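Comments concern the structure below.
Rule-based calculations on the coordinates, nothing more; no lab input. Bear in mind that the values here come from a model prediction, so they are computed numbers and not experimental data. For neighbour counting, all protein chains shown are included, and Cβ atoms are generated from backbone atoms with ideal geometry for every residue, glycine included.
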Amino acid sequence: MRPYLAIITDSFHAAFASRLLWIVLGSILLLLAALAPIGYHEVYTVEFSPADIHSSDRLTGLLAAAMANDRETAAGRVAEALPEELREEIRQTAAGEARGPRRGRYADAFNALLASEPDDSHIPLDDPWYDAKLWAGTPRIGELRALDERPAEELSDQLRQRRSRLRLEAALPGAFRPRPERSLAITYAGLETPAVLAVSRQRFIDLLNQFVFPIALYYLLGVGAVFVGVLVTAPIIPEMLQPGSLHLLLSKPVSRPGLYLSKFVGGCAFVLLSVALLVSGMWLITGFRLGIWNHRLLYCIPIFVFLFAVYYSVSALAALRWRSAIVSVVLTVLFWFACFSVGLTAAMFDTLVTDPAKVRGIARSGDSLLVSTASGGLLRLAPESDAYAPILASGFQNPHRILGPVELADGRIAAARIPQNPFNVFGSEDVHLMLLAESQDWEQQVGLRLPAGTRELRAAADGGLFAAGAGGIFYASGDSLLIPADAPEEPPAGGLLGGIQRLLGETASGFERITPPSVPLAPPAAFATVPGSEALVVYSHGRLLRLRAGRPSAPWQITAERDIGGDLTLDVQLGATAERIVLARRGEPLRVFTSDELEPLGEIPSPSSATIIALQASPVAEQLVAILSDQRAALLRFDAEPAGDAPRLELEFAAIPHQESIEAVAWDAAGTLWLAHDVDRLTAIKVASGEIRSDRHPDRDLWRLIDAWGVTPLRSIVPQTGELSEAVTAVISGREDLEIPAGGEVQREQLDVTRPLVTCGVFTAAMLLLGCLYIYRQDF
Amino acid sequence: MTEETTLAAPAPALAPAEVGSSAEPLIKVHELRKTYRSGWTSRRRVEALRGVSLEVLPGEVFGLLGPNGAGKTTLIKVLLGIVRSSGGRASVLGQPAGSVASRRRIGYLPENLRIERHHTARSALAFYGRLSDLSGAALQRRIDSLLELVGLEGRDREPVSRFSKGMGQRLGLAQALLNDPELLILDEPTDGLDPVGRADVRKLLRRLGDEGKSVLMNSHILQEVELVCDRVAIMTHGTLRSLGRIDELTPATPRGTATARSSLHIQVASEQTRLALDALSSPNSLSSQTPATALQSLPAFRPVLGQPTRHGTVPITLEVEDQAATDHCVDRLRDADVSILRLEVRRPSLEDVFLEIVRSDPEAPPEAEIAAEAGLTAEFDPADAGNGN
């Protein structure tokens, strides 16, 4: 082994003797020196930014309603404090005479309410527009209640401003996105910068780990250092093959393959030194300056060296065959181009062919299965058919989003199709409910207009339908969902009141809001129906509420409430069985509560590598399925647990087949679990016994077949070096999915770690094997 | 003395009795062949070795001679395992040629040695030492002694990029000796060295030979070979054309086919020049005492007359095959009453023999090309080759 170690060590000496290495190392040190002064400190989240306003329509509606209301309200006091020009614009918008103030104007106006003037050094002890009595009826979060209880003199200027902000948010529920208590102010060399990030420290770390580090390191090292490395190392093998050098090496007691492999490993020294310096430097800077000691950052060193090794294996083999550094560089660049082309083709097939066909929702009606797809299609799979029949066609040119399908108690299917808007996914366009029934031969029947901004549909136990959005949860009874064909066109509500209702999304006749105004559903919020009862559970702004139907045409009554607290900005999922409520907030353990009094029953550890993106409860049993962002699903069984006892449960992954390829799950009315997996295949299992009741593999279209038999094998053979960036992201973040905020919701992208590592590893091994065979058989 | 010198190809493996025919040869090559194939379809073939057989015994310094393309380097490469033979057998130190076990006991100095520029003499020796599985203090001691041996002490910390060709060659010799090899294979060991350096190398090689180490040496500098080697093999076009001790390759009448003959230099008085030429040119000029059978077998000498000297003498030069012919010349001159003022027999040098053999090769290129290929242009004037030194 000593001779081979000597060759490897000698390569390091050669690398250190390279002037180019020192230039690269010097450049890296300069970069690190430039990054080192970056720091941050936490400040209270005070100022509003335009992005903090969740719905300017709702905000305008709330302010207009308050201004039109004779009764004094908190919102009215806020509206009174706004500049007269803005108030006039709000009035005109409600009357349908203007389009509504922009978010930026609102942000400026609210910021002016936080202090008399932005540059005023004196912050008043109390807000001139504040009235404790009026605010008592607003949904004040725990932080605000605590601040209100403290004497104003004890509060710093910043805390008083923070209190003012929270009061404004409480006065206008549902208009603002929840922001963390503290933001991060970025500094450079101890100096303040204008950059204040309204994210929590944990979110900041997540952003660094999921986006900043992976992208920066991939381009600096995966592209820059690898390219320079290819240029620098290209002459190593040709120089070794020079007669005066090679003959001497071959005369030593070393094996030829060992010599070649040692030279190969030694050739990676250049990149190893560069990568190690940059990564360890960034690790130290983020550790000392930002307090983030992410040891996974160091795992990037072998990954980037591995990425270089993929290219270098081609370069070394070419150099062995043609003994020319130029030829090996040219061939390596051509190889890179081939990898890029295959990767691009594969990505295009993913984007245009595979991803749009993925099932997002399932509903069963009789023997038929209806699914919604990611591209906004609504398809039916008849029992005797091997192919989906489109009810609503989808396509790349026709971006829509499907709400539902939801199976109603009478067997009908309810769904809705929303035009996609890249900046506001749920839009404010008029969207009508769509009803489908086997008895009507699955012809679309136009139903009620949905409340504006509806994000979710759920079936009610009584045959009705819940529609939830930023404006709250609305309910329509089953027999009112369908608009009779001979019904006259309902004229839109006119006047100021009509305008306000329109802005607040309350104009959909037939749907009645059942959540009180103090329960906004601006994200992150969630709701679930409690099986076997007419109750709902709602999570909103850190509160968990149980609602029960009250008087007709009146908001439901809050029968139980629990303050969860913590970070209100965390994404949340809610699931409810008849006896238990399960709450999953991103990055936190699952919390289990009783369904009646919302008493905590305990916590269940959640997976650290992925996020729970949905909780689906069985309508007939104490069972619940958690869907994870890494396309796994786990079962939670409460059947064996005595009601009220603390759960001693874990997520059961083994109970559900097709792990890591699950697209969606749904329970049918009989308590059978339907899984959509491998894009659009459907499997029904009886969870209690594990029996597979149905397994449907619908036919694929031509493009899907080309993807399956052409592109997928090709991407398995050609190393997917581009996808190694996903491995970098996964390694740094410790997660196997990427969360990308888009249009008000979070898009999750599964990070493929295994495939690039396997394809690159197999390819590199094959190249090295060829090189070993060549040098073993060749005369020199 | 035994007669090993041969010109036949393929030549039988022969060993000199003086070195010790009973000793086990370090190198045994039998009917070794190597054919290079090139081109995409391997149609182009070059036969680099056409059945070479030879042996190298322990303790001898063996020289391998031949013009470029003769197959010398290929033979060395086969012995080191750098190329694989196409046929025949070769073993080194009792192991198959090219095996790791045999290479462990060999020291090799390649032609045009290249040492990477980032090395100093000391680091290069350390690197090559570790390649030979040496390490630690023993390696450092060995490096120190070798640096002193090759005269690089004090310059061992300098980058090799500053080294002259000769210093590089000394370093190459040092690395070849790192593992205290039983067999040294040197390809042009004195290439690039100045006369002092060459003398040092010669001295070193002789010393190694005295220490019982065997040396297989390939050199274009025939004088070096002549001075250093115990035995020499001459190759042309992949065949072994001659093999033997230096003093056996150069006698006046070596066995076998044509080789360079000895030349006889005679000086006679100017007035006896005609008489001497007649006596040497005509077989009938001998006296009646000469037996008739002898008369018929006498060769017809072709004397060459030189320029008269200021001392009143004339030089006459003629080629003789052996001592009998010399005796006949003397007899004829004396029978004709020619007074021999001076007589000298000059034997051919190694270069004479080398060129004679190369020229006699049926596939030999033109003479000027031979000389150029043999690297003799700078060392040796082909115009003088036939005149001896």
Give the average, rounded to an integer, of partner chain Cβ atoms located within 10 angstrom of each Cβ in A:239-250. 6
Within chain A, what is the longest stretch that has no trypsin sites (Lys or Arg not before Pro) placed in a DSSP loop and near at most 10 other beta-carbon atoms within 10 Å? A:72-647
Evaluate peptide A:251-260: per residue, the Cβ atoms of other protein chains within 10 Å of its Cβ; return the mean as an integer. 5
Between A:E438 and A:S661, 0.36 nm times their residue separation minus their Cα-Cα distance comes to what? 77.3 nm
Label model pair B:D180, A:V758: point-to-point distance (7 angstrom along the Cα→beta-carbon line) in nm is 5.5
If r is the Cβ-Cβ distance from A:Y774 to A:A33 and R0 is 41 Å, what FRET efficiency results, to the nearest 0.05? 0.35
Summarise the partner chain shielding of B:128-137 as one whole number: the mean count of Cβ atoms from other chains within 10 Å of each residue's Cβ. 5
Working from the alpha-carbon coordinates of the stretch B:173-242, get Rg over Rh, Rh being the Kirkwood radius. 0.97
Can you tally the net charge around A:S368? Count Lys and Arg as +1, Asp and Glu as -1, for every other residue whose Cβ sits under 13 Å from the Cβ of A:S368. -2
Long-range amide H partners of B:L32, meaning residues 5 or more apart or on another chain whose placed amide H is closer than 5 Å, are B:G51, B:V52, B:S53, B:R89
Going down the table (B:K165/B:K203; B:K34/B:K165; A:K252/B:K77), which pairs top 24 Å between alpha carbons? B:K34/B:K165
If you take every residue apart from B:N179 with its C-beta less than 10 Å away from the C-beta of B:N179, what net charge results, scoring Lys and Arg +1 and Asp and Glu -1? +2
Where does the charge balance sit around B:R130 when Lys and Arg score +1, Asp and Glu -1, over other residues with C-beta under 10 Å from its C-beta? 0
Work out which helices of chain A, taken as complete DSSP H runs, extend at least 30 Å along their axis over the Cα atoms and score a mean Kyte-Doolittle of -1.0 or more, then list them. A:300-322, A:325-349, A:754-777
Starting from one equal scatterer on each C-alpha and no solvent at all, send me the Debye-based log10 I(q)/I(0) for the protein assembly as shown at q = 0.04, 0.07 Å⁻¹, two decimals. -0.43, -0.82
Which value, in debye to the nearest 20, describes the size of the charge dipole of the stretch A:46-178 about its Cα centre when Lys and Arg Cβ atoms bear +1, Asp and Glu Cβ atoms bear -1, and nothing else is charged? 620
quick note, the protein assembly as shown, DSSP beta bridge pairs, % antiparallel (nearest 5) is 90
Length released on extending from B:E153 to B:L227, taking residue separation times 0.36 nm less the Cα-Cα span: 23.9 nm
Diffusion coefficient, µm² s⁻¹, Stokes-Einstein with Kirkwood Rh over alpha-carbon pairs of the stretch B:67-209 at 37 °C and 0.692 mPa s: 207
Report the calculated FRET efficiency for A:W322 and A:E691 (r = Cβ-Cβ distance, R0 = 45 Å), to the nearest 0.05. 0.15
The stretch A:514-678, convex hull of Cα, quarter of hull surface, nm² -> 9.6
Quick one: if the Förster radius is 25 Å, what FRET efficiency do B:R141 and B:E211 give, using the C-beta to C-beta distance and rounding to 0.05? 0.90
